[in-house]
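Down below is the structure, laid out as structure tokens.
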2 protein chains.
Amino acid sequence: MWQGLVNAMLTRFVRDGQLAVDYPDGTARRYGPGGGLAARVTLGDAGLVRALCLDPEMALGEGYMDGRLTVEGDRLHEFMTLLLRNRRRGGLPRWARGADAARFALRAWLQRNTPNTARSNVAHHYDISNDFYRMFLDDDLQYSCAYFNHPDLTLEQAQSAKKAHIAAKLLIEPDMRVLDIGCGWGGMAITLARDYGARVTGVTLSKNQLALAQQRVEEAGLADRVTLRLVDYRALKGPFDRIVSVGMLEHVGTPHYPEYFGQVRDLLTPQGVALIHTIGRVDPPASQSGWMQKYIFPGGYVPSLSELARPVERTGLWLTDLEIWRSHYARTLLEWRLRFEARLDDIRAMYDERFVRMWRYYLVACQATFEVDRQGVFQLQLAKSRDAVPLSRDYIATRRAPVHAGLAAQ
Amino acid sequence: MWQGLVNAMLTRFVRDGQLAVDYPDGTARRYGPGGGLAARVTLGDAGLVRALCLDPEMALGEGYMDGRLTVEGDRLHEFMTLLLRNRRRGGLPRWARGADAARFALRAWLQRNTPNTARSNVAHHYDISNDFYRMFLDDDLQYSCAYFNHPDLTLEQAQSAKKAHIAAKLLIEPDMRVLDIGCGWGGMAITLARDYGARVTGVTLSKNQLALAQQRVEEAGLADRVTLRLVDYRALKGPFDRIVSVGMLEHVGTPHYPEYFGQVRDLLTPQGVALIHTIGRVDPPASQSGWMQKYIFPGGYVPSLSELARPVERTGLWLTDLEIWRSHYARTLLEWRLRFEARLDDIRAMYDERFVRMWRYYLVACQATFEVDRQGVFQLQLAKSRDAVPLSRDYIATRRAPVHAGLAAQ
């Protein structure tokens, strides 16, 4: 019965490319018109076939992690791309979308975010191990989208370009008090203090991140200019001249956007400016990967602009600019994955095969999502007064220019 | 009784600056703590006092138009600024906001926009007289926000800068098919054809605009490259490589946003790009001037981003950039008003005093609104595919640069 359902589902679903499936009973089937993308997968047992009917996206991720779903030639990226392209065509039958629909309906509950949940959600992902993140991130440990605004940048250069771009938008002057909400391993805080003379407070909920960031601050001789704290951003007191928050809003959850943007407003000085950098959907809100929420980012959610606009309007802050990056994150994720695969032996010495497959699946699925779906990065610039930023955006390139000249000279 | 209510309303309302009121019965009262802004008005008759209770914003506009409300020393701008600043403080009693609330509740109905209403709404404003608009607009007859991105630009230069900025965002190449929705007196169409080699179709619903635009196109020798039509944008067939629409979305009405953005999508080629330029609120949606809707722009409405985001997401178009201009329109409106006042004798030769006061009130009220309220201009860049515009926004300044060098040399 379950195999018949999967067969019916795939017959209807695959309209683009070709998917070959080897079923556990020895049956081999091909789906789709062929031409373009092609992938071949083996379903290892009947339990996986059943799970694919009940919650296909979860079953795929779990099946791959557990080694019960294998992709021929490890063409996981092609396989994911094929699935996502066909999903955009809307061919998944309604009965197979029940789990997704339930998660979407319950998203406010799934994203509830008390200080306790926030701490445990962060620990789940960011406290894995600093040594592990060093395996595939750039040398500044920037764990967010890089800015490949020149075609030949390395990952290191593109991460520097991202920081320079954000610093330019923040119009940082020496001795300004800057708050970094979700400071990660301290790369942004160190850059803003060292290269722009800012006095930075960085906050994170990850003990591992804090420890390494603190060590890096001390090694850089910036302990007098950078203060790092293990604290929920909601508990902070201001004021700050500038606020930067990169890749943190994805953990906040839609029910907490008013609280988040309200806190940004309350912490800013009257001439304050904030730059919020987040993954964002250009599509309307819809269900998101249940697997990703279970295994990678508990409480994580990628907002649509239509979910951000009203909470931002209600703060009384000016939205002074909204930049939308496309494709940059797909490139960033590809760079991470190439480094991940290159360090596989070292990673296998630390973790089991299931962990390796889980991370590969995560990196590939995210890359393919940025390539196929209408998902990118939003940079929201927010200001407390209308004249806190210049009348035209020309200052961004001007302020960034010296840093870029440096990159070009490297 | 009515005078008592107005007195109670103003006592509560004026918390910033000082307002002196001479009532029709000879009473003179002062409201507000003083310091900063000050204005003195005379209410000419008891009917105006009553009207101020029932629908204050409408009564002010009508009273000024009719000469029953006079502002000492013609300090209308100070008076409007004082009112708007105090309105932001929220001190207007609930009973005085009934008419506003009703208009807000009925906004979908007030903004219904069949092809017939669209035609008559447009005729109401844009068919006044081409000679009248020549009195106060720049020599290219740009009737939308100019771009004062250098401090010393004249209105003419700032309007050229606006067109150059928009052309840069549209990435126009020679012979591209460009559609201008709401082409006004043809300035943008002529510029894109003459300076960028585009083949432009411009549409308007104003017969006067069409006649003058057509004449200008012929005088410029561009009749083979610019086609102008008196037609509803909803009746158009594509495809177009580029769509530009400046100051037209304000006439579309919220219930028609899906239709508007859907038509933009349907008319674009697969690599098409559109630039939609509209007045926009950075605040949540709220009631807007009933007087303005009655006398100046029937069917007009200034959207908040939260009203635009969902219809845009639903089109399947990429929002590739959102620029938010602040202060530029206040400056533009000031320039228009200064020219208007300088040509007062000529205008009085064409129109009666009520028309003059109506237009002065309109220009001043809009300027003060852009100065006091969180209202600006949105430029939405929309693309059909993710790679239709470059990966970074740097191209905007690069493409605009030759035009700007020309401006600087003038």
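The values are calculated or read from the model by the stated rules, or taken from the named source; none is laboratory data. Only a predicted model underlies this, so the values are computations on that prediction, with no experimental measurement involved. Note that we place each Cβ from the backbone using ideal geometry, even for glycine, and neighbour counts take in every protein chain shown.
Anything in the range A:141-172 that is among the acidic types (Asp, Glu) and either crowded, with 19+ Cβ neighbours inside 10 Å or within 14 Å of another protein chain (Cβ to nearest Cβ) (or both)? List them, or say none.
A:152
Residues B:51, B:38, B:59: which one is within 29 Å of residue B:338 (Cβ to Cβ) and free of Cβ contacts under 8 Å to residues at least 24 places away in the same chain?
Only one candidate passes the filter, namely B:59.
So, in the range B:283-309, exactly how many residues are at the interface with another protein chain (Cβ under 7 Å from one of its Cβ atoms) and either surrounded by 19 or more Cβ atoms within 10 Å (Cβ to Cβ) or touching a residue at least 60 places away in the same chain (Cβ under 8 Å) (or both)?
5
Go through B:161, B:223 for me and flag whichever is in a helix (DSSP H, G or I), over 25 Å from residue B:115 (Cβ atoms), at pLDDT 95 or above and of a type in the set (Gly, Ala, Ser).
After ruling out the rest, the residue left standing is B:161.
Considering only residues that are of a type in the set (S, T, N, Q) and farther than 30 Å from residue B:161 by Cα, which ones fall in the range B:108-138?
Within the range B:108-138, B:111, B:113, B:114, B:116, B:117, B:120 meet the criteria.
Looking at (1) under 24 Å from residue A:311 (Cβ atoms); (2) in contact with a strand residue (DSSP E or B) (Cβ under 8 Å, 6 or more places away or on another chain); (3) surrounded by fewer than 23 Cβ atoms within 10 Å (Cβ to Cβ), which is the one condition that is false for residue A:181?
Status for residue A:181: all satisfied but (3).
Being in a helix (DSSP H, G or I) and over 13 Å from the mean Cα position of the chain (by Cα) is the filter here; which residues of the range A:265-303 pass it?
A:265, A:266, A:267, A:290, A:291, A:294, A:295, listed by residue number.
Is one or more of the residues making up the range B:314-323 surrounded by fewer than 22 Cβ atoms within 10 Å (Cβ to Cβ) and in contact with a strand residue (DSSP E or B) (Cβ under 6 Å, 6 or more places away or on another chain)?
So far as the range B:314-323 goes, yes, one or more of its residues are surrounded by fewer than 22 Cβ atoms within 10 Å (Cβ to Cβ) and in contact with a strand residue (DSSP E or B) (Cβ under 6 Å, 6 or more places away or on another chain).
Is it the case that residue B:262 is touching a residue at least 40 places away in the same chain (Cβ under 8 Å), among the small types (Gly, Ala, Ser), under 17 Å from residue B:319 (Cβ atoms) and in a helix (DSSP H, G or I)?
yes
Scan the range B:243-259 for residues that are surrounded by fewer than 19 Cβ atoms within 10 Å (Cβ to Cβ) and either assigned to a strand (DSSP E or B) or touching a strand residue (DSSP E or B) at 6+ places or on another chain (Cβ under 9 Å) (or both) and jot them down.
Those that are surrounded by fewer than 19 Cβ atoms within 10 Å (Cβ to Cβ) and either assigned to a strand (DSSP E or B) or touching a strand residue (DSSP E or B) at 6+ places or on another chain (Cβ under 9 Å) (or both): B:247, B:250.
Please determine, by comparing only the residues of the range B:128-140 that are crowded, with 17+ Cβ neighbours inside 10 Å and part of a helix (DSSP H, G or I), which one is nearest to the other protein chains (Cβ to nearest Cβ).
Taking the candidates together, the pick is B:136.
Is it the case that residue B:375 is surrounded by fewer than 22 Cβ atoms within 10 Å (Cβ to Cβ), in the same structural domain as residue B:172 (by TED's automatic domain parsing) and either touching a Pro at 6+ places or on another chain (Cβ under 6 Å) or closer than 23 Å to residue A:313 by Cα (or both)?
Answer is yes for this residue.
Given the criteria in contact with a strand residue (DSSP E or B) (Cβ under 8 Å, 6 or more places away or on another chain), assigned to a helix (DSSP H, G or I), surrounded by 15 or more Cβ atoms within 10 Å (Cβ to Cβ) and of a type in the set (A, V, I, L, M, F, W, C), does residue B:79 qualify?
Yes.
Restricting the search to the range B:108-127, which residues are free of Cβ contacts under 8 Å to residues at least 60 places away in the same chain and assigned to a helix (DSSP H, G or I)?
B:109, B:116
What number of residues in the range A:312-333 are outside any strand (DSSP E or B), within 9 Å of another protein chain (Cβ to nearest Cβ) and more than 17 Å from the chain's Cα centre (by Cα)?
Here the count works out to 5.
For the range B:374-402, how many residues meet the condition of being closer than 19 Å to residue B:325 by Cβ and either of a type in the set (S, T, N, Q) or within 9 Å of chain A (Cβ to nearest Cβ) (or both)?
8
I'm trying to understand the selection: among the residues of the range A:194-214, which are out of contact with any Asp or Glu (no Cβ under 9 Å at 6 or more places or on another chain) and farther than 24 Å from residue A:121 by Cβ?
Result: A:194, A:195.
I need a count of the residues in the range B:47-75 that are crowded, with 21+ Cβ neighbours inside 10 Å and part of a loop (DSSP other than H, G, I, E, B).
0
Hey, among the residues in the range A:334-362 that are among the aromatic types (Phe, Trp, Tyr) and in contact (Cβ under 8 Å) with a residue 40 or more places away in the chain, which one's nearest to the other protein chains (Cβ to nearest Cβ)?
So, considering only residues that are among the aromatic types (Phe, Trp, Tyr) and in contact (Cβ under 8 Å) with a residue 40 or more places away in the chain, the one nearest to the other protein chains (Cβ to nearest Cβ) is A:336.
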